[in-house]
1. Among the residues of the range 131-161, which ones are of a type outside the set (A, V, I, L, M) and either buried (at least 16 other Cβ atoms within 10 Å of the Cβ) or in contact (Cβ under 8 Å) with a residue 60 or more places away in the chain (or both)?
2. Checking SER79 against (1) surrounded by fewer than 18 Cβ atoms within 10 Å (Cβ to Cβ); (2) under 26 Å from GLY158 (Cβ atoms), which single condition isn't satisfied?
3. Being farther than 15 Å from VAL116 by Cβ and touching a residue at least 40 places away in the same chain (Cβ under 8 Å) is the filter here; which residues of the range 163-173 pass it?
4. Cβ-Cβ under 8 Å, sequence separation 6+ or interchain: first residue in the range 96-115 and surrounded by 20 or more Cβ atoms within 10 Å (Cβ to Cβ), partner of a type in the set (D, E, K, R). Which pairs?
5. Would you please name the residue that is farthest from ALA82 (Cα to Cα), looking only at residues in the range 123-169 that are among the aromatic types (Phe, Trp, Tyr) and assigned to a strand (DSSP E or B)?
6. Which residue out of LEU107, LEU85, LEU4, LEU10 is farther than 17 Å from PRO151 by Cα and modelled with pLDDT of 95 or more?
Amino acid sequence: MKLLALFKSLFFLGCGICFFSLFLDFYSLRVYNVSGTLISSWDYSLLTGWTGSNATYRPPELGLSIEFLVVYLGVIILSVIATLLKNIEKTSDLRSFMPYAYLNIFLLLMISFMIVVFPIFFLLPEELYYPFMIVFDESFNLTFHYALGIPYYLQMGGFVMVFPYVIFHYHSICKYTLQKDDNVEKIQKLIQEENEYIDFDRYITEEKLKERHRRKENDKEFQFKINVLREGGL
């Protein structure tokens, strides 16, 4: 139970970190001239997009919509509320918790999206390198500093914190469901066997009746033959 309490505490902490990191700058671009003077600075936020100075070096829009941010924030909030209100340790019917387990799994997928999909499919196609890179442009004598912001690493930390409780939660519910289904299957099998036993008894009874009927018929035929023989003898 202490381990579960630790997992839950880490889950809440990880959700909080992921939540607040979404309001910070995820990516930064700095441009320096040959003398090392900063001539352009741009930062990317999920809320506001690119903000900075010197529009000449402004990076292209990444195409990550505000709707994604709203959904992400909503999933975090719902997961936290569900975990607070629905205590898996104090219920006997874990099957009803399956929707919340799927919600937490979806939260993991959202965090994974920011860690894996965002850099590969949104940054790299625009030649925005990660996690960091320094590129010197000889034609313009400029140095470009590309770097992921602290929120990206906070998302990674949040994933590590959220993962244990989500997996434990999902595994416990699946294990309970499988055991319950197995018990139901066993009960159904016992009922079926009992029915088969009853049918078997009925079959035995029917066979006994048939056997008695055959004996009666045989007795009648035997008696008839005896009578014929007697009459023939006379």
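1. Here is the first cut: in the range 131-161, the ones of a type outside the set (A, V, I, L, M) are 131-132, 136-141, 143-146, 149, 151-153, 155, 157-159.
Matches in the range 131-161: ASN141, THR143, PHE144, HIS145, TYR146, GLY149, PRO151, TYR152, GLN155, GLY157, GLY158, PHE159.
2. (1)
3. Step one: list which residues in the range 163-173 are farther than 15 Å from VAL116 by Cβ, which gives 164-173.
If the condition is that a residue be farther than 15 Å from VAL116 by Cβ and touching a residue at least 40 places away in the same chain (Cβ under 8 Å), then PRO164, TYR165, VAL166, PHE168, HIS169, TYR170, SER172, ILE173 are the ones that fit.
4. That search, which allows pairs on different chains as well, returns PHE97/LYS86; TYR100/LYS86.
5. So the first thing to find is which residues in the range 123-169 are among the aromatic types (Phe, Trp, Tyr), and the list is 129-130, 132, 136, 140, 144, 146, 152-153, 159, 163, 165, 168.
When the remaining residues are screened for being assigned to a strand (DSSP E or B), the result is 132, 136, 144, 146.
Working: PHE132: 37, PHE136: 50, PHE144: 45, TYR146: 39 Å.
For the range 123-169, the residue satisfying everything is PHE136.
6. Numbers: LEU107 fails: farther than 17 Å from PRO151 by Cα; LEU85 fails: modelled with pLDDT of 95 or more; LEU4 fails: modelled with pLDDT of 95 or more.
Sole residue among the options that is farther than 17 Å from PRO151 by Cα and modelled with pLDDT of 95 or more: LEU10.
The values are calculated or read from the model by the stated rules, or taken from the named source; none is laboratory data. No experiment lies behind these values; they were computed from the predicted model shown. We place every Cβ from the backbone using ideal geometry, glycine too, and count neighbours over all the protein chains shown.
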